[in-house]
Amino acid sequence: MFLLRSKVGESVNMLKESQVYLCIFFLLAFGILYEFSLEPGCFFSCKPVAKQLVIPQDVLSQGRSIIFLETTDHLQPPPLVLCSVESAARIYSDRPIIFFMQGLNNSTMIDFKLTSPSLSFLSAMKNVFLFPLEMDILFQDTPLFQWYHQVNATQEKNWVYIISDAIRLAMVWKYGGIYMDTDVISIRPIPVANFLAAQSSQFSSNGILGFQRHHWFLWDCMVDFVQHYNGAIWGNQGPHLITRVLKRLCNLTDFNNVEDQTCHNISFLHPQRFYPIPYTLWHKYYEVWDSKPDFDESYALHLWNFMNRKEKRNVIIGSNALVENLFRTHCPTTYQSLIQAAQGSKQMSQNKTSPLW
């Protein structure tokens, strides 16, 4: 009888152990299925913990990144910057969106979720990566390395713009991808790999550009950057540089309708692609339109925030201005956060004016 009970006990224990193993198996299987259900290509790669372990080169090496820059120490990006990054993350959902920031370092990278709601908001997007700017490493093996170590940044009145002009050239040359200014709202994918954005038939911007890794045009631009350096002239290292190099290669002619131009395998994209509203009319983005433009010929919209630096116009909830409609359509999460902020501000104002009983 004792032997029978012993065998029954062993069977029960074995059954319990089997149940435990089965539970563990199903938990693991569920976890794997959950990973697969996130999105194609996200297997063990799209969770925040994985992003924290990634270094810039791991992401940039794919050559498909969308790159944004912040060359000041600001760690609280305003709504337009958030909209630019969010809209790119939505339009290019299969590509990494990288935001390099001068103010990020080892300590701020740890604390920004507590100190910067804006950065926490961006970091929560599965394909957005925030990295510090490491210019010593970036400029190595480029024509800009010696210039960077010789220039006196404190004597350069346009330094924030100059260094940004240099970084975008080196970054896209070294790794490939698309660079965008932080006041560019993406509305549809750009269909070409090697391109420049025309402001007119005879002038190229550098607010948005894209090239494959180690493209010779960007190397020529970096050489010209050093040879014809003049930090006192605004734009000399940026759009004027791009235009100089392009004109040495190509015979630029007037655009025919909304057709792009091609020269030496570089697409010179029509102004309608990014600049349907020219910089002289930048305030139109902050006005109410009788009929909403469709921007059917555009890939993205440059909002000319440099022109807005004095007036500092913002998105006003309920204004029905063009910029509000763009936010509502192309960066809805940012737009909702603005609504919540406006409601919170209104509530606080009402509380201050309410009588105390």
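What the table shows:
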read-out: Only listed residue being modelled with pLDDT of 75 or more and closer than 17 Å to Asp183 by Cα, chosen from Met125, Met101; value: Met101
read-out: Those residues of the stretch 286-307 which are farther than 20 Å from Tyr335 by Cα and of a type outside the set (A, V, I, L, M, F, W, C), in sequence order; value: Asp290, Ser291, Asp296, Glu297, Ser298, Tyr299
read-out: Residue count, the stretch 315-324 (criterion: within 15 Å of Glu287 (Cβ to Cβ), hydrophobic (A, V, I, L, M, F, W, C) and open to solvent by 10 Å² or more (accessible area, probe 1.4 Å)); value: 2
read-out: Pick from the stretch 64-86, criterion within 26 Å of Phe211 (Cα to Cα) and either acidic (Asp, Glu) or free of Cβ contacts under 8 Å to residues at least 12 places away in the same chain (or both), ranking: surrounded by the most Cβ atoms within 10 Å (Cβ to Cβ); value: Glu86
read-out: Options Asp254, Asp296, Asp290; residue that is under 23 Å from the mean Cα position of the chain (by Cα), of a type outside the set (A, V, I, L, M) and exposed (fewer than 12 other Cβ atoms within 10 Å of the Cβ); value: Asp296
read-out: The listed residue being farther than 26 Å from Leu80 by Cβ and open to solvent by less than 20 Å² (accessible area, probe 1.4 Å), out of Phe217, Phe327; value: Phe217
read-out: The stretch 299-314, residues that are on the phi < 0 side of the Ramachandran plot and open to solvent by 30 Å² or more (accessible area, probe 1.4 Å); value: Tyr299, Asn305, Phe306, Met307, Arg309, Lys310, Glu311, Arg313, Asn314
read-out: Where a residue in the stretch 170-199 is without any contact (Cβ under 8 Å) to a residue 24 or more places away in the chain and its partner, wherever it lies, is open to solvent by less than 10 Å² (accessible area, probe 1.4 Å) and assigned to a strand (DSSP E or B), with Cβ under 8 Å and at least six apart; value: Ala193/Gly210; Ala193/Phe211
read-out: Positions within the stretch 160-179 being in a helix (DSSP H, G or I) and of a type in the set (A, V, I, L, M, F, W, C), in sequence order; value: Val160, Ile162, Ile163, Ala166, Ile167, Leu169, Ala170, Met171, Val172, Trp173
read-out: Residue count, the stretch 146-159 (criterion: assigned to a helix (DSSP H, G or I) and open to solvent by less than 80 Å² (accessible area, probe 1.4 Å)); value: 4
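The values are calculated or read from the model by the stated rules, or taken from the named source; none is laboratory data. Predicted, not measured: the structure shown is a model, and the values here were computed from it. No Cβ is skipped: glycine too gets one built from the backbone with ideal geometry, and neighbour counts run over all protein chains shown. Heavy atoms of the whole protein, side chains included, go into the accessibility calculation; ligands, DNA and RNA do not. Shrake-Rupley method; radii C 1.70, N 1.55, O 1.52, S 1.80 Å.
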